[in-house]
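Below is one structure, written out as structure tokens; the observations come after it.
Readers should treat all values here as calculations from the given coordinates under stated rules, not as data from a laboratory. Everything quoted here is computed from the prediction, not taken from an experiment. All Cβ positions, glycine included, derive from the backbone under ideal geometry; neighbour counts span all protein chains shown.
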2 protein chains.
Amino acid sequence: MSAFTASEREAVYRAILERRDCKRFLPDPIPDDVVARLLVAAHHAPSVGFMQPWNFVVIRSLEVRGRIKSAFERANARASDLFTGERGASYRALKLEGIMEAPLNLCVTCDRSRHGPVVLGRTSQPETDLYSTVCAVQNLWLAARVEEVGVGWVSIIDPADLRAILGIPDAVVPVAYLCLGRVAEFPASPELQRLGWLDRIDLAPLVFEDRWGQPSSGGPTPT
Amino acid sequence: MSAFTASEREAVYRAILERRDCKRFLPDPIPDDVVARLLVAAHHAPSVGFMQPWNFVVIRSLEVRGRIKSAFERANARASDLFTGERGASYRALKLEGIMEAPLNLCVTCDRSRHGPVVLGRTSQPETDLYSTVCAVQNLWLAARVEEVGVGWVSIIDPADLRAILGIPDAVVPVAYLCLGRVAEFPASPELQRLGWLDRIDLAPLVFEDRWGQPSSGGPTPT
């Protein structure tokens, strides 16, 4: 395979740096061929032992989404109580999901029983099947960015609710619940950073050499 | 931000489709500026509540890598016993790591205590910090592909060994142990597929609509 050109390289870095978690969506439908390309991107993620443990539950039904939205509201009411004072007020002002507005919801799951109990490479770290599924999510997220489709990961839902509402079997774990749709903009920085919730951490102190806590010596300081 | 052009879009899909898990490396060092760019790509992964729970332990020391390699060998001897007959012979013929040959090893970790016990978005699904860290790994993997750097994820190591050898604190989870380096080629298909270990699964039957098990109706069948 030929090497990537400088402009191809830049395109991939641009997708990585300009990807955002989106919570506000336009009602425009996502064309079927775009959805198909996003799923192909997800399906080409790395997976432990080439296990490909994922499934994709595309959710268009407003009735199903209404039940998911209620599950979010229950979980978020509990979560909200954990943030008090000024932090609590900020938390309650945040928009944390776009379940009903987004034209498409997608639950990405991991079938832990796929290919039986023994999977190459999963013997010492059984959670690597879940990690493979997350790689599929990130592939889809980056592909969506270049398709000008926003993606928002809704993590404030009790997995037991997701399981019940979507009929997910016991051996299967709902890894990510995503909202997808066109967006008015991809802002220059993450919303939680813009709102002063948390800053981007300096990268250099996060990098160690040869042992935890040992500063990295040579090389340019990444920023 | 301006929309992605058709050629930028193609570049991202190309990186996704041509990414491989690599186990055979050339000895050429990876320039420091390339390593820095890969870490920046990882650091721009999505993270729950903008938690950025990751650290990066870059491992160049051959002494440290020798201990990791021994840990791999112990774990792989145990794993190998799980594959019998023809499958066992195939398993033992596989090259599953490039710990000593690759010019660089990298352990990507997740600090579960970062920002304290309550993190926005992590209240219902505590494992989302680990998932964020995997998104960082996948960003790095795709960036490496366009830098013509091969990445191999070595999952056959007891995490307790990684923890002891690298001095990783209790609150921190070693999520991924990676080998990085130049490679002779990025093959057209994954090695486990070429060797007949497992085939790529058809995507269409993995896609459901509105509920687990319900075939997806409209739209082109993704391939």
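Pairs of lysine in the protein assembly as shown with Cα under 30 Å and at least 8 positions apart or on different chains: total?
Details: A:Lys23/A:Lys69; A:Lys23/A:Lys95; A:Lys69/A:Lys95; B:Lys23/B:Lys69; B:Lys23/B:Lys95; B:Lys69/B:Lys95.
For the protein assembly as shown, qualifying lysine pairs total 6.
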Alpha-carbon spread of chain A, three principal axes, descending order, Å: 55, 50, 36
Cα radius of gyration and Dmax for the protein assembly as shown (Å): 20.9, 64
Compactness of the stretch A:23-153 as Cα Rg over 2.2 N^0.38 Å, two decimals: 1.24
Gain on full stretching of the segment that runs from A:Glu148 to A:Val118 - 0.36 nm per residue minus C-alpha separation: 6.8 nm
Dimensions (Å) - the stretch B:96-191, Cα atoms, principal axes, largest first: 46, 28, 20
Debye, to nearest 20: dipole size of the protein assembly as shown, +1 on Lys, Arg Cβ, -1 on Asp, Glu Cβ: 380 debye
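Would you mind calculating the relative contact order of chain A from Cα pairs under 8 angstrom and at least 6 residues apart, reporting the percent as a whole number? Write down the numbers at each step before the final one.
Working: 324 pairs, mean separation 69.8, N = 223.
31 percent.
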Span from the the stretch A:1-60 Cα centroid across to the the stretch A:164-206 one, whole angstrom: 14 Å
Other protein chain Cβ atoms within 10 Å, averaged over every residue that makes up A:87-93: 1
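Give me the dipole magnitude in Debye, nearest 20, for the stretch B:47-176 about the Cα centre, with unit charges on the beta carbon: positive for Lys and Arg, negative for Asp and Glu.
With Lys and Arg at +1 and Asp and Glu at -1, about 80 debye.
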Neighbour-limited loop hits for chymotrypsin sites (Phe, Trp or Tyr not before Pro), the stretch B:1-92 (at most 11 other Cβ within 10 Å; DSSP other than H, G, I, E, B): none
Net lengthening on full extension, B:Leu26/B:Ser61 (0.36 nm per residue, minus Cα-Cα): 10.9 nm
